[in-house]
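This report concerns only the one structure given below.
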């Protein structure tokens, strides 16, 4: 992995969402959009009017944002984005995710709440599913929501059945789970100093443990892309080649020196965007060796 660009920001970036070839980076002071078509010469747009946003999810050019004022809907075809609607929700909301026309709201108190946003500016509440303990992380794929919560708990919810949102799988072997990532038949669960647990999610209702990917310090985020797994390991990124889903080979790392890696995004298996605690967005080129 080779550092090819650094962009200095006024405050530390803590999250990044990719939508329509733009990387939206969240900081305390603003949301900043970076074009991803040419990482060497990325262009940026600052949305200072959206300062305080802690989570954002897109449906086309509409975006639902989470801030201290609640969940708001913005039209990003306008500059600055135009506020269109407010979603009234109680509880401690952690994260917003949109998948296939539905908004999934991770609520630390209420678990999972689902809204139909197929008509972008007219959200329709569908249902709620409570999960054990306090929810903390979510990943949605193939009509299933994978939710981690305190006490190292993973709940798998069938979001294809909106009338019930049944919990169809669970796993609770570990110490502390962070946000999951799902790729194919496997779920990757970062768990801090214990590295990353790899689970076979075809074995429902009880996912089968496959192996552990051991991080150097504390694994907080994982992304699978292009036959590789990338682990955000506090102050470094570790890369693992996926041989067959059960075997993983260490493929290299990037040392971010003393700066904590708050969040990463992998672009087309070619570049890694890093939200770094030293008030920088860093872009890495992935150098594959055969």
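The values are calculated or read from the model by the stated rules, or taken from the named source; none is laboratory data. Every value quoted in this text rests on a predicted model; they were computed, and no experiment measured them. With ideal geometry, Cβ positions are generated from the backbone for all residues, glycine too; neighbour counts draw on all protein chains shown.
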Restricting region 160-198 to residues that are in a strand (DSSP E or B) and free of Cβ contacts under 8 Å to residues at least 40 places away in the same chain, the one surrounded by the fewest Cβ atoms within 10 Å (Cβ to Cβ) turns out to be 168
Within region 213-222, the residues that are surrounded by fewer than 18 Cβ atoms within 10 Å (Cβ to Cβ) and at pLDDT 95 or above are none
Checked 89, 124 against criteria (in contact with a strand residue (DSSP E or B) (Cβ under 9 Å, 6 or more places away or on another chain), modelled with pLDDT under 95, more than 30 Å from residue 208 (Cβ to Cβ) and surrounded by 15 or more Cβ atoms within 10 Å (Cβ to Cβ)); the one match is 89
Determine whether residue 114 is in a strand (DSSP E or B) and either more than 20 Å from the chain's Cα centre (by Cα) or modelled with pLDDT of 95 or more (or both).
-> yes
Output for Cβ contacts, cut-off 7 Å, separation at least six or different chains, first residue within 18 Å of residue 289 (Cα to Cα) in region 213-228, second assigned to a loop (DSSP other than H, G, I, E, B), reads 225/269; 226/269
Within region 117-136, residues part of a strand (DSSP E or B) and without any contact (Cβ under 8 Å) to a residue 24 or more places away in the chain come out as 124, 125
